[in-house]
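Have a look at the structure below before the remarks.
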Amino acid sequence: MSHLTLAFKGRTLRIFPVTPGTMLIGNDPDCDIHIDSLAIQAQHTRIVSAGENSVLYNLAKDVGTYVNHQRAEQHLLKDGDIIRIGKHTLNFAFEAPAQVKEPIFDPYKSMLEIQQPIDEARLVNVPTQDQGWLQVLNGQNLGKTLSLHRSMTNLGKKGVATAVITRRTDGYFISHLEGKYPPLVDDTPIGDNSFKLSDGDTIQIGNIRLQFYLDS
């Protein structure tokens, strides 16, 4: 699946899969790609995708949408196109639609293994809260997502580097399980203590880089 990488001043913020149909980009929280910036209009840009084609339409007549440094009112997106909206950029990466839907992360198990928690029935039920997600930021599964709906989710390559994310009443916490080096959160080692994750945190477990985000 094609994807858009949102960045600000060269820093990757999030990766969005390009889904069939219409995607709205703007500072309205209801947009498919919400960018919290006063330089961006509520509904700034629309992308319509069907089959292997994705077409961009500019909705902001005053400030405009730019593709590869040129103002564009309508543009058939190609692999490598850089879209500029306000001060943010979206890098378009084309990937032909898969013929067979594969389970998320299965081809990646040599590097990232999602393990079932041990005796999950003993864990206390967690009340309704913002849903946590992880998104892969590197490797062959770039852009794929994992829902953190379980009370515990173990991540990493067993015997090399693993960590666990625990869903508690007051949020999501990551802890080091095994490996010489603890996970990094925003490039800082978490040590032996549990670390509470915040929306947008980047996580590194071994050579796997992920982003944590919350979705109400």
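Data table
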{"item": "Calculated on alpha-carbon atoms, Rg and Dmax of the range 145-197 in Å", "result": "10.8, 30"}
{"item": "Additional length obtainable on full extension of the chain from residue 147 to residue 215, 0.36 nm per residue less Cα span", "result": "23.5 nm"}
{"item": "Hz values of 3J(HN,Hα) by residue in the range 139-145 - Karplus curve (6.51, -1.76, 1.60), Gly and Pro given as x", "result": "x, 6, 9, 3, x, 6, 10"}
{"item": "Cα-projected label distance for residue 28 with residue 57, points at 7 Å along beta-carbon direction, nm", "result": "1.3"}
{"item": "Trypsin sites (Lys or Arg not before Pro) within the range 124-216: DSSP coil, no more than 15 neighbouring Cβ in 10 Å", "result": "158, 180"}
{"item": "Derived scalar couplings ³J(HN,Hα) [the range 26-42; Karplus, 6.51 cos²θ - 1.76 cosθ + 1.60; whole Hz; x for Gly, Pro]", "result": "x, 8, 6, x, 7, 5, 4, 10, 8, 10, 7, 8, 6, 7, 10, 6, 3"}
{"item": "Residues of the range 1-49: accessible area per residue with a 1.4 Å probe, Å²", "result": "51"}
{"item": "Average accessible area per residue (Å²) across the range 158-216 - probe 1.4 Å, nucleic acids and ligands excluded", "result": "52"}
{"item": "Filtered trypsin sites (Lys or Arg not before Pro), the range 1-64: DSSP coil and at most 15 other beta carbons within 10 Å", "result": "9, 61"}
{"item": "Residue 71/residue 37 FRET efficiency (R0 22 Å; Cβ-Cβ; nearest 0.05)", "result": "0.75"}
{"item": "For the range 1-53: rounded, prolate or oblate by the Cα gyration tensor [a/c cutoff 1.5]", "result": "oblate"}
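The values are calculated or read from the model by the stated rules, or taken from the named source; none is laboratory data. Quantities reported herein were computed from a predicted structural model and do not represent experimental measurements. FYI the Cβ positions are ideal-geometry reconstructions off the backbone, even for glycines, and counts take in every protein chain you see. Heavy atoms of the whole protein, side chains included, go into the accessibility calculation; ligands, DNA and RNA do not. Shrake-Rupley method; radii C 1.70, N 1.55, O 1.52, S 1.80 Å.
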